[in-house]
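Chemist: Got a structure for you, written out below as structure tokens; questions coming shortly.
The values are calculated or read from the model by the stated rules, or taken from the named source; none is laboratory data. Bear in mind the structure is a predicted one, so any value in this text is a computation, not a measurement. Here the Cβ is made from the backbone with ideal geometry for all residues, glycine too, and neighbour counts use every protein chain on show. When the accessible area is computed, the model is the full protein with side chains, heavy atoms only, and any ligands, DNA or RNA have been set aside. Shrake-Rupley method; radii C 1.70, N 1.55, O 1.52, S 1.80 Å.
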Amino acid sequence: MNDSKNASHNIVRNRFFEKKHNFLTVKNILQITESSTISEEFDSLEVSDIATVKNANEREITFVNSGQYLKELQNSNAGFCIISPEFLPKISSNVIPIINRNPYFAYSKIVNHFYRERSTDFAGFTSIHRSAEIADSAKIAPNCYIGRNVKIGNNSKIMPGAIILDGCEIGDNCFIGCNAVISFSIIGNNCEIFNGAKIGQDGFGFVNNQGINHKIMQIGSVIIKDNVTVGANSCIDRGAIDDTIIEEQVKIDNLVQIAHNVKIGRGTVIAGCSAIAGSSEIGQFVQIGGSSNVAGHLKIGNFVKIAGMSGVIRDIKDNDIVAGIPAMKIRDFHRINIKLTKLLNKQ
Amino acid sequence: MNDSKNASHNIVRNRFFEKKHNFLTVKNILQITESSTISEEFDSLEVSDIATVKNANEREITFVNSGQYLKELQNSNAGFCIISPEFLPKISSNVIPIINRNPYFAYSKIVNHFYRERSTDFAGFTSIHRSAEIADSAKIAPNCYIGRNVKIGNNSKIMPGAIILDGCEIGDNCFIGCNAVISFSIIGNNCEIFNGAKIGQDGFGFVNNQGINHKIMQIGSVIIKDNVTVGANSCIDRGAIDDTIIEEQVKIDNLVQIAHNVKIGRGTVIAGCSAIAGSSEIGQFVQIGGSSNVAGHLKIGNFVKIAGMSGVIRDIKDNDIVAGIPAMKIRDFHRINIKLTKLLNKQ
Amino acid sequence: MNDSKNASHNIVRNRFFEKKHNFLTVKNILQITESSTISEEFDSLEVSDIATVKNANEREITFVNSGQYLKELQNSNAGFCIISPEFLPKISSNVIPIINRNPYFAYSKIVNHFYRERSTDFAGFTSIHRSAEIADSAKIAPNCYIGRNVKIGNNSKIMPGAIILDGCEIGDNCFIGCNAVISFSIIGNNCEIFNGAKIGQDGFGFVNNQGINHKIMQIGSVIIKDNVTVGANSCIDRGAIDDTIIEEQVKIDNLVQIAHNVKIGRGTVIAGCSAIAGSSEIGQFVQIGGSSNVAGHLKIGNFVKIAGMSGVIRDIKDNDIVAGIPAMKIRDFHRINIKLTKLLNKQ
């Protein structure tokens, strides 16, 4: 299941990261992560890669960090799973458990062991690497930096000071604004990335172990489909494992933060200074007013409207209209404000 | 009325945009926008330009997108107005109606037909275009890009990585910070634009027609008067038709968003992470606390104080002090908080 | 007291600013600031420098802008203090008063008189100043600007378009992202400053005198200790007099604003789009959720947790957990929301 989807994902990943090992044995993994398993028979088994619970196949390892993902694990094809001891009774027999009190930290060690960023030899004076493929009709301004293996499509215009790092692809008819930075990203056709937008940097991923904040290597990418706009100085972090995905026709205003692993559906519009926290999924044709916030790991339905300055902390169903902090149905928001006004006027 | 003001506005517009046609006939406009009018007699009339309701003259076309502007239209000198059919009975006889169910979308087609951005031939290696006029006493750091027809005044200092695009003017004694981007802007004397501030990019203007988000070309500029400060990574979008205007002595902190068409009065101070949505007008000597938001199309009086973290969704009169989301008089805000505390302590 | 601490502070200050005078006499200061004192005997006394109330020694001048610092002044070693007339009876006899109705404005004149930024002769074509000390193992990408007397440690990597202005130090194993700007800053080892982060620009310091907003020269620096991360497009302003300090292991997400004079304790984590206003001190291992705000001049204890989208306007004790605008104990926040829901359901 999902093998072809995952394969194409891995092709993207390979543009930016390289695997240091074709596989690790279970024994390797037990040593690297200081974990245990339930039988020595597994020691010599080969683990080919890491993946999310949803996408992992029987040769790959995933991890479960909280009880809420146990259900998803039952439907997963993962061959191996890092899991804390209390969940051990709950996983199915076809998953080999890697037992660790801090699965997220164990995962961070494995990803560091499996992958490294592709090393770069900076392009030098012209600031366009010889390996970059740039369409004849594309315009590259001075003061840009175009990295190795970058591809830029027909009629795209790269403004002064824009930086496109190794391996990125920009489609046809795109506009990349001044001092914008594109890294770890594949961008479709007819996109506008305005001045100073930063696409593809590391997501905010840390795990605390014994009082130390350890960084988790972020090996996803950013996929931006056709006809997308990203406003000035907005930020879109790349995914932690899978990708951050912005679908067709999404319009994002200035100073917006899109955290790692977020998915934004077709035609959704996000006004200035809003923020979508990690791993939330926004539906199609959603309207998000200015300075609104969506907390992490939520699911916002299609055609939802979120009033400006709202704080969304729960899932929202299709077509709902919400307002307030915490966000509630807009009718309730208005009623509460009326009640508060009455309360105020009452002696 | 307003002809001289409008004329000087058009001179600024002409620095950045060029008109493709001296005029369009009414017949042209009906075809471009798929609209109708009330008599074939008007077909050959010439429309010279587009303008706002307030500034349009008898040879120019404007548009009315909602009932709230009908009043303003009655005082307008506009010769032509795009209007939806239900408002037809309400416009005066000296305005020729262009009838369309989506006037805003029709407008976006006309502006695209009338104007194009001036094409650029990038400056090349030195990154200072030969046509730029730079005062002898100005200092330009390395790694900057200075576009065509840019003017930079006495003693101004342009820091490394700053980018000043075609046609912009910077007055005397200005400081343009590292990696700041100035486009479509006229900046007065003694201004500081700090590191990474982005001035003049496209406003967030889209119109949805049959499920597709169409971009509206933004043909205004940004006018910044003397002694203005703009903080690091703040953004000021250029106007959609008229200009975004920042008056003398305005002080704007870091990470502030100023949307298209906003006007900010003399001496106003805006603390960090605040946002002013499109077309709002802020009075003189207003104080806006950090992380506050002013919704679009509002009018904030002179000497108003807005507490930090407020959300303003209604007009505010001169001298008022407000707080809260939605913002209310600060006395009411404190009283509501006291009432809520009482409610909490009551069993 | 504090002399050695202050001495090392001044060494940092001297990297970026130079004193124009070894000392000013009291008479000089009275003339510059249009102030008075209590006896002509003091006129010829020499004032060697300016400093905060806490750090000033008997040859230095400080200022008290509001009654709340009078207590601190009693424990200060300051030899001179700018003070408004009504506080005159309250200062101890070993402090020589400089009497002025607007002490903050008087201070801004003195700091301008004492200091100037070190002038720069830009590095020219290679964009690396000949005086920069760059470790052999450091990698500097093209399109960077490395200023005078900059030091860059072993294995540090400076990405394309990054700008490091005169006098800054970057430790070992650091990553400075694309188009990041580092100025007036000393950065430790193993730090990551992501794309477009702006470190060290002027704090937002203005003083209004007779209707004019006067800028206050900002002569502090930014000190970032080891293992710190600063997210994309985040901003950290340098201190006004003392430094803005970010302790070891602090992790700051994207689009975060850290104002001048802020101090952030070891291991604290700040999620995206949050803002810490001027002079607030955040304890160790504090967790600040996304889009939260901490007002100015507050003290947040150790191990505090601040929920996302909170607005903190009061000090918080160690270990407290808070939420809401204004922020309250999270238990009260939940109870108020339950009460409001009940109110809503009541007829």
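Chemist: Which members of the range B:211-220 meet the condition of being away from chain A (no Cβ under 11 Å) and open to solvent by 10 Å² or more (accessible area, probe 1.4 Å)?
Modeler: Selection gives B:Met217 alone.
Chemist: Please state which one of C:Asn208, C:Asn149, C:Asn190 is within 14 Å of chain A (Cβ to nearest Cβ) and polar (S, T, N, Q).
Modeler: Testing whether each residue is within 14 Å of chain A (Cβ to nearest Cβ) and polar (S, T, N, Q) leaves just C:Asn190.
Chemist: So, one more: Which residue out of B:Gly278, B:Gly272 is open to solvent by less than 20 Å² (accessible area, probe 1.4 Å), over 18 Å from B:Asn233 (Cα atoms) and in a loop (DSSP other than H, G, I, E, B)?
Modeler: B:Gly278
Chemist: Which one is nearest to A:Val47 (Cα to Cα), of the residues in the range A:101-140 that are modelled with pLDDT of 85 or more and assigned to a strand (DSSP E or B)?
Modeler: A:Tyr115
Chemist: Filter the range C:284-326 down to residues that are assigned to a strand (DSSP E or B) and at the interface with another protein chain (Cβ under 9 Å from one of its Cβ atoms) and give me whichever is most open to solvent (accessible area, probe 1.4 Å).
Modeler: Here the residue is C:Asn293.
Chemist: Here's a follow-up. Could you list, in sequence order, the residues of the range B:172-192 that are closer than 16 Å to B:Ile245 by Cα, open to solvent by less than 10 Å² (accessible area, probe 1.4 Å) and at pLDDT 95 or above?
Modeler: Matches in the range B:172-192: B:Ile182, B:Ile187, B:Cys191.
Chemist: Still on this structure, please answer the following. Could you list, in sequence order, the residues of the range C:221-236 that are open to solvent by 10 Å² or more (accessible area, probe 1.4 Å) and at the interface with chain A (Cβ under 10 Å from one of its Cβ atoms)?
Modeler: C:Asn227 - this is the single residue of the range C:221-236 that is open to solvent by 10 Å² or more (accessible area, probe 1.4 Å) and at the interface with chain A (Cβ under 10 Å from one of its Cβ atoms).
Chemist: Still on this structure: For the range A:85-106, give me the residue count where each residue is of a type outside the set (A, V, I, L, M) and open to solvent by less than 10 Å² (accessible area, probe 1.4 Å).
Modeler: Of the residues in that region, 2 qualify.
Chemist: Determine which single condition C:Val250 fails, assuming it passes every other condition in (1) within 13 Å of chain A (Cβ to nearest Cβ); (2) over 20 Å from C:Phe184 (Cα atoms); (3) in contact with a strand residue (DSSP E or B) (Cβ under 6 Å, 6 or more places away or on another chain).
Modeler: Only one criterion is unmet by C:Val250, namely (2).
Chemist: What number of residues within the range B:107-120 satisfy the criterion of being open to solvent by less than 10 Å² (accessible area, probe 1.4 Å), out of contact with any helix residue (DSSP H, G or I) (no Cβ under 7 Å at 6 or more places or on another chain) and either over 24 Å from B:Gly220 (Cα atoms) or not hydroxyl-bearing (Ser, Thr, Tyr) (or both)?
Modeler: 2
Chemist: Related question: Can you pull out the residues in the range B:76-100 that are modelled with pLDDT of 90 or more, in a loop (DSSP other than H, G, I, E, B) and not aliphatic (A, V, I, L, M)?
Modeler: B:Ser76, B:Asn77, B:Gly79, B:Ser84, B:Asn94, B:Asn100
Chemist: Taking interchain pairs and intrachain pairs at least six residues apart, which have beta carbon atoms under 6 angstrom, with the first residue in the range B:60-81 and closer than 16 Å to B:Ile241 by Cβ and the second assigned to a helix (DSSP H, G or I) and open to solvent by less than 40 Å² (accessible area, probe 1.4 Å)?
Modeler: Going by the 6 Å Cβ cut-off, the qualifying pairs are B:Phe63/B:Pro103; B:Phe63/B:Tyr107; B:Val64/B:Leu73; B:Asn65/B:Pro103.
Chemist: State whether one or more residues within the range C:152-160 are within 12 Å of another protein chain (Cβ to nearest Cβ), among the charged types (D, E, K, R) and under 22 Å from B:Gly177 (Cα atoms).
Modeler: no
Chemist: Considering only the range B:175-185, I want to know if a residue exists there that is more than 8 Å from every other protein chain (Cβ to nearest Cβ), within 17 Å of B:Asn227 (Cα to Cα) and in contact with an Asp or Glu (Cβ under 7 Å, 6 or more places away or on another chain).
Modeler: yes
Chemist: Could you tell me whether B:Ile158 is at pLDDT below 95, of a type in the set (Val, Ile, Thr), open to solvent by 10 Å² or more (accessible area, probe 1.4 Å) and closer than 29 Å to C:Ala232 by Cα?
Modeler: no
Chemist: Starting from residues that are in contact with a strand residue (DSSP E or B) (Cβ under 7 Å, 6 or more places away or on another chain) and open to solvent by 20 Å² or more (accessible area, probe 1.4 Å), keep the ones in the range A:136-155 and report whichever is farthest from B:Pro160 (Cα to Cα).
Modeler: Once the filter is applied, the top-ranked residue is A:Lys151.
Chemist: Another question, if that's okay. Looking at (1) out of contact with any Phe, Trp or Tyr (no Cβ under 6 Å at 6 or more places or on another chain); (2) part of a loop (DSSP other than H, G, I, E, B), can you tell me which one A:Arg238 breaks?
Modeler: (1)
Chemist: Does A:Phe194 satisfy being over 28 Å from A:Phe105 (Cβ atoms), of a type in the set (Phe, Trp, Tyr) and touching a residue at least 40 places away in the same chain (Cβ under 8 Å)?
Modeler: yes
Chemist: For residues in the range A:253-269 being assigned to a loop (DSSP other than H, G, I, E, B) and more than 9 Å from every other protein chain (Cβ to nearest Cβ), which is surrounded by the fewest Cβ atoms within 10 Å (Cβ to Cβ)?
Modeler: A:Arg266
Chemist: A follow-up question, please. Residues being closer than 18 Å to C:Ser93 by Cβ and either of a type in the set (Gly, Ala, Ser) or open to solvent by 30 Å² or more (accessible area, probe 1.4 Å) (or both): count how many of those fall in the range C:44-68.
Modeler: Adding up the residues that qualify gives 4.
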